[in-house]
Amino acid sequence: MKRIDTTNVRENLFGAGKHGFHDNADLPGHDATYLSPEWFNNVQEELCNLLELNGISLDTTSKRQIYDLLTTQVDLEALASEIETNFIRKNQIVDDLTTSDATKPVSAKQAKYLQDNKLNKEDLKDSTTTQKGVVQLNNTLNSNSTAQALTAIQGKILNDQAFGIRQTWKDMSSNRVLGTTYTNTSGKPIQLYVSTFNTRSGVSAEGLNVTIDGVAMLFQSGGLDVDGAVKEASANIVIPIGSTYLVTSLTNGTKRMWWELS
């Protein structure tokens with residue numbers, strides 16, 4: 001595009017170096033602006049190129065070609081904006097189930113895969129001993145349910161209380177005394193092995209009682225009624241959690257061993 005720069009322009013009409021037109025009426029003593037063929041040619045080609053460069057042939061019978069072009073262009077730009085905002089381009093469609101972009105739609109193929117492999121509400125059944133399904137957790141150790149599952153914490157409690165798990169035999173001979181009551185406070189059942197003996201004459205056997213929670217159990221063995229002959233009895237028994245236990249010799253014998261698995 002070319003601004004007018006011929007003789008008698010109205011200088012700087014639209015800003016520095018931006019001349020305009022005038023006639024001899026608005027500037028007394030000045031001739032009207034001279035319109036050169038060069039300027040008209042420039043304007044003509046600007047307007048013609050606007051049509052021809054958009055693929056539109058000049059129509060000498062029409063006086064609205066530029067209007068039609070401009071209105072069409074505005075419509076096209078509006079349509080392009082609408083498409084960009086509300087429509088999906090083919091290259092925006094994602095054909096996988098791993099993309100995390102929230103602006104990308106999934107393909108129909110992947111949507112069909114999800115549909116084909118979805119879990120129907122009719123398939124969401126409660127589990128039983130013969131059927132897979134939804135399991136309810138039970139956080140107790142006193143349930144009789146065959147459809148509920150034990151929680152991990154209760155499983156740990158069972159494991160922690162399991163007899164023989166993380167337990168070792170300990171020699172308690174120096175820590176235990178016959179005739180004294182003890183309590184199993186370990187949180188697990190423990191196993192007791194104890195033996196007593198005597199070598200006195202007049203006694204043909206050795207016997208001992210293990211009393212657990214007030215219930216006495218006799219362990220006895222025979223021998224020779226001879227002074228110096230060893231008569232020995234032993235007991236091997238489980239002591240429940242929290243139970244009291246007491247070992248006594250029926251013949252005032254001597255403790256030989258006292259071991260506990262705890």
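The values are calculated or read from the model by the stated rules, or taken from the named source; none is laboratory data. For clarity, every value in this text was computed on a predicted model and none was experimentally measured. So basically every Cβ, Gly included, is an ideal-geometry build from the backbone, and we count neighbours across all protein chains shown.
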> Going through segment 201-250 one residue at a time, which ones are assigned to a loop (DSSP other than H, G, I, E, B) and either touching a Cys at 6+ places or on another chain (Cβ under 8 Å) or surrounded by 15 or more Cβ atoms within 10 Å (Cβ to Cβ) (or both)?
Replying inline: VAL203, GLY223, SER243, LEU250
>> Where the second residue is of a type in the set (Phe, Trp, Tyr) and the first is modelled with pLDDT of 95 or more and lies in segment 236-254, which pairs have Cβ atoms under 6 Å and are six or more apart or on separate chains?
In response: ASN236/TYR193; ILE239/TYR245; TYR245/TYR182
> Quick one: what pairs do we get from segment 100-127, first residue closer than 30 Å to THR85 by Cα and surrounded by 10 or more Cβ atoms within 10 Å (Cβ to Cβ), second of a type in the set (A, V, I, L, M, F, W, C) and modelled with pLDDT under 85, C-beta under 6 Å, 6+ apart or different chains?
Replying inline: PRO105/ILE88
>> Please go through segment 141-184 and give me each residue that is over 30 Å from ASN252 (Cβ atoms), among the aliphatic types (A, V, I, L, M) and part of a loop (DSSP other than H, G, I, E, B), ordered by number.
In response: LEU141, ALA147, ALA162, ILE165
> Is it the case that LEU27 is more than 30 Å from GLY155 (Cβ to Cβ) and surrounded by 10 or more Cβ atoms within 10 Å (Cβ to Cβ)?
Replying inline: yes
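ASN198: surrounded by 14 or more Cβ atoms within 10 Å (Cβ to Cβ) and within 24 Å of the chain's Cα centre (by Cα), yes or no?
no
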>> If I filter segment 1-29 down to residues being on the phi < 0 side of the Ramachandran plot, among the small types (Gly, Ala, Ser) and part of a loop (DSSP other than H, G, I, E, B), which single residue comes out as nearest to the chain's Cα centre (by Cα)?
In response: ALA16
